[in-house]
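One structure is given here, and the rest of the page talks about it.
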Amino acid sequence: MKKVIIIGGGAAGMMCACHAAKNGARVELFEKNEKLGKKIFITGKGRGNLTNASDIDVVFNSICSNPKFMYSSLYSFTNDDALKFFNDIGLGTKVERGNRVFPKSDHAYEITDVLTREMKRLQVKIRLYTKVESLIIVKDACEGVVTADGERHMADAVVVATGGFSYQSTGSTGDGYKFAESAGMNVTDISPSLVPFNCKEKFVTEMQGLSLKNTGLELKHGKKVLYSDFGEMLFTHFGVSGPMILSASARVARKFFGKELRLVLDLKPALSEEQLDARIIREFEENNKKEFKNSLSKMFPSKMIPVIIERSGIDANKRCNVISHEERKRLVELIKNFDMTVTGLRDYNEAIVTKGGVSVKDINPATMESKTCKNLYFAGETLDIDCLTGGFNLQVAWSTGVAAARAITEE
Ligand SMILES: Cc1cc2nc3c(=O)[nH]c(=O)nc-3n(C[C@H](O)[C@H](O)[C@H](O)COP(=O)(O)OP(=O)(O)OC[C@H]3O[C@@H](n4cnc5c(N)ncnc54)[C@H](O)[C@@H]3O)c2cc1C
């Protein structure tokens, strides 16, 4: 009977433990925290968006880094397989907007609960408060791990499932990168992803708390459009956040975030400039005796009105019936190109995932085994794989965890 040590009791580690134990291995799971699944607990705003029920093509398109590496493991353990697995071990699920799958109970901790129950049923030995300090590597093969108390634990296979580098209070402090390097593997540059942006202008923070829907967005470097989208976003005390911003942070190449970028919003994307001008004329005619500052409430949320007035350069107290054609043109231009300066990404404490990690070039995609060190496997976010929001990051943890378990136990 093979003995398997799994480092990390997060999504990938627990999934790997269940499958390795089910296939007959003797499994020990080492988790440095006082409990399992601390990060799972906060996923999906505490509701646990555990996978996505879209077609597999959509799943692949939602993987931002190294989707090809995922072919083998994701086709072998798909989003449908994950759903079936969780349903079979007692987790009721439901599908919401965007095919996001959640526990029926709306409690993310239920995901950890069912996995823990399954691991116990399969006699996985769970060691909490147990930090792995280093790997035991002899002649390019991993033979076990050394824990923080200096004890050596030998195994036939070791799986590193230590997560990325974001939300470090959950336990993911990048230890897997150190383990990979000690095994002669490469680790790519890492950076926060699915993360808000800092902005330069004061008017951005003046609108904090305001969320916009149905807004057009372009993120630009000079004239080059790096990312465009349509949807929801949010102004904050430091800049901008919300679904479109998080996706932009995941999609745009890192090299651009060292530079000042322009975020350009189209506040009325359903209207052409001519249609918008006609709408403003109508608005001004209806309010012709009112001052400019009192004429905008039908067109903009109240938090935005002072900013629009200030940026339009039109005197706030000017009567609508004397606003000039030129001034109106400026207003249209502002509404269609409401721009601000992005100075960079927020840090790892606010990043849903880490971009970069253990280089997939050094890992066999079918087995998750290191190419430089035998019997050493990697799974989950520690890998150089990151996805959009929607349940895809957890799906990567499930699929890579299962791939490692099967490879170890089916050889
Ligand atoms: C706020 C937030 C919300 C999210 N929401 C979603 C969502 O709804 N859907 C989705 O798909 N994804 C979501 N994600 C991303 C998703 O949670 C992660 O991608 C996923 O949990 C990664 O799983 P993992 O097992 O690789 O790593 P982790 O879940 O980070 O687990 C790693 C574990 O390893 C342990 N560990 C680390 N080093 C050691 C060591 N040396 N010794 C022993 N143990 C160690 C850690 O304590 C930790 O328990 C969210 C992330 C955040 C931060």
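The values are calculated or read from the model by the stated rules, or taken from the named source; none is laboratory data. Nothing here was measured: the structure is a model prediction, and the numbers come from that model. Cβ atoms come from the backbone with ideal geometry, glycine included; neighbour counts cover every protein chain shown. Surface areas here come from the heavy atoms of the whole protein model, side chains and all, with no ligands, DNA or RNA. Shrake-Rupley method; radii C 1.70, N 1.55, O 1.52, S 1.80 Å.
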Handout entry: Residues of the stretch 105-137 classified as free of Cβ contacts under 8 Å to residues at least 12 places away in the same chain and within 12 Å of the ligand (Cβ to nearest atom), total
Key = 0
Handout entry: Hey, residue 90 of a type outside the set (Asp, Glu), farther than 17 Å from residue 401 by Cβ, out of contact with any Gly (no Cβ under 8 Å at 6 or more places or on another chain) and more than 14 Å from the ligand (Cβ to nearest atom) or not
Key = yes
Completion exercise
Among 162, 188, 215, 205, the single one that is within 14 Å of the ligand (Cβ to nearest atom) and of a type outside the set (Gly, Ala, Ser) is 162
Problem - Residue identified as of a type in the set (Val, Ile, Thr), open to solvent by less than 60 Å² (accessible area, probe 1.4 Å) and in contact with an Asp or Glu (Cβ under 6 Å, 6 or more places away or on another chain) among 204, 264, 252, 240 - result: 264
Practice task
Filter the stretch 1-38 down to residues that are open to solvent by 20 Å² or more (accessible area, probe 1.4 Å), more than 9 Å from the ligand (Cβ to nearest atom), not aliphatic (A, V, I, L, M) and not in a strand (DSSP E or B), then give me how many there are.
Solution key: 5
Handout entry: Check on residue 304, touching a helix residue (DSSP H, G or I) at 6+ places or on another chain (Cβ under 7 Å) and either of a type in the set (Lys, Arg) or modelled with pLDDT of 95 or more (or both)
Key = no
Handout entry: Unique match (being modelled with pLDDT of 95 or more and surrounded by 19 or more Cβ atoms within 10 Å (Cβ to Cβ)) among 393, 349, 337, 364
Key = 393
Problem - Members of the stretch 45-61 that are open to solvent by less than 10 Å² (accessible area, probe 1.4 Å) and among the small types (Gly, Ala, Ser) - result: 48
